Amino acid sequence: MATERTLSIIKPDAVAKNVIGEIYSRFEKADLKIVAAKMMHLTQEQAEGFYAEHKERPFFNDLVAFMTSGPVVVQVLEGEGAIGKNRDLMGATNPKEAEAGTIRADFASTIDANAVHGSDSAASAEREVAYFFNDDEICPRN
Ligand code: RTP
Ligand code: MG
């Protein structure tokens, strides 16, 4: 499988729970390399733009309010099949339906505050990586 890059966000609930390192450890154990990273407190505009595809959904306002409620950690993960691999590590959107051992099953409790984001396709990965990082902020490694 080809080497891919995907955009990951550790959401405000997981930052507040102090499990950034535990989540990074899951990425590293799965052979995903962190090739860019920053902590930031999203503005309303940044969160709305990031989740623009969900603009018409009933949960959009709650989602934006949650994503701006505290700091997040944003990273680019690189590795073989990184997009799907990260989605597998995350588990289902609703933590109650997430498989045991996934990040959402272990660190999240509600569908609104579900610990992590991960790009869901090659097209969204490309858009989302560029949304947060310039090319010169990404540090490829072997
Ligand atoms: P994400 O984009 O955050 O990685 O999550 P996802 O792909 O698993 O889920 P998505 O459908 O893209 O939804 C984005 C976020 O919106 C919230 N959501 N709430 N109340 C609901 O029915 C509902 N559905 C989605 C979740 O926090 C989800 O992560
Ligand atoms: Mg999504």
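The values are calculated or read from the model by the stated rules, or taken from the named source; none is laboratory data. All of these numbers come straight from a predicted model, not from anything done at the bench. Neighbour counts run over all protein chains shown; Cβ positions are idealised from the backbone, glycine included. What goes into the accessible areas is simple: the full protein's heavy atoms, side chains included, and nothing from ligands, DNA or RNA. Shrake-Rupley method; radii C 1.70, N 1.55, O 1.52, S 1.80 Å.
Here is the figure for segment 104-123: residues that are farther than 18 Å from ALA92 by Cα and in contact (Cβ under 8 Å) with a residue 24 or more places away in the chain total 1.
Does ALA100 satisfy the criteria of being more than 16 Å from ligand 2 (Cβ to nearest atom) and surrounded by fewer than 16 Cβ atoms within 10 Å (Cβ to Cβ)?
yes
Within segment 122-136, being loosely packed, with under 13 Cβ neighbours inside 10 Å and either closer than 25 Å to PRO58 by Cβ or of a type in the set (Asp, Glu) (or both) holds for ALA123, ASP135, ASP136.
Within segment 126-141, is there a residue that is under 22 Å from GLY81 (Cα atoms), at pLDDT below 95, out of contact with any His (no Cβ under 9 Å at 6 or more places or on another chain) and more than 16 Å from ligand 1 (Cβ to nearest atom)? Within segment 126-141, one or more residues are under 22 Å from GLY81 (Cα atoms), at pLDDT below 95, out of contact with any His (no Cβ under 9 Å at 6 or more places or on another chain) and more than 16 Å from ligand 1 (Cβ to nearest atom). Restricting attention to segment 1-10 and to residues that are of a type in the set (S, T, N, Q) and over 23 Å from ASP62 (Cα atoms), the residue that is most open to solvent (accessible area, probe 1.4 Å) turns out to be THR3. When segment 11-38 is filtered for residues that are open to solvent by less than 10 Å² (accessible area, probe 1.4 Å), in contact with a Lys or Arg (Cβ under 7 Å, 6 or more places away or on another chain) and not aliphatic (A, V, I, L, M), nothing remains.
Do we have THR68 as β-branched (Val, Ile, Thr), open to solvent by 50 Å² or more (accessible area, probe 1.4 Å) and closer than 25 Å to ALA16 by Cα here? For THR68, the condition - β-branched (Val, Ile, Thr), open to solvent by 50 Å² or more (accessible area, probe 1.4 Å) and closer than 25 Å to ALA16 by Cα - is not met.
Filter segment 126-142 down to the residues that are part of a helix (DSSP H, G or I) and among the charged types (D, E, K, R) and list them by number.
Within segment 126-142, the subset part of a helix (DSSP H, G or I) is 126-132, 135-137.
Scanning segment 126-142 gives GLU126, ARG127, GLU128, ASP135, ASP136, GLU137.
Residues that are over 16 Å from ASP120 (Cβ atoms), of a type in the set (Phe, Trp, Tyr) and either without any contact (Cβ under 8 Å) to a residue 60 or more places away in the chain or touching a Cys at 6+ places or on another chain (Cβ under 8 Å) (or both) do not occur anywhere in segment 42-51. When you look at SER109, is it farther than 16 Å from PHE27 by Cα, among the polar types (S, T, N, Q) and modelled with pLDDT under 95, yes or no? In short, yes.
Residue by residue, here is whether (1) under 25 Å from THR3 (Cβ atoms); (2) charged (D, E, K, R); (3) away from ligand 2 (no atom under 14 Å from the Cβ) holds:
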site: ALA36; (1), (2), (3): yes, no, yes
site: GLN46; (1), (2), (3): no, no, yes
site: ALA52; (1), (2), (3): no, no, no
site: PHE59; (1), (2), (3): no, no, no
site: ASP62; (1), (2), (3): no, yes, yes
site: ILE83; (1), (2), (3): yes, no, no
site: GLY91; (1), (2), (3): yes, no, no
site: GLY118; (1), (2), (3): yes, no, no
site: ARG141; (1), (2), (3): yes, yes, yes
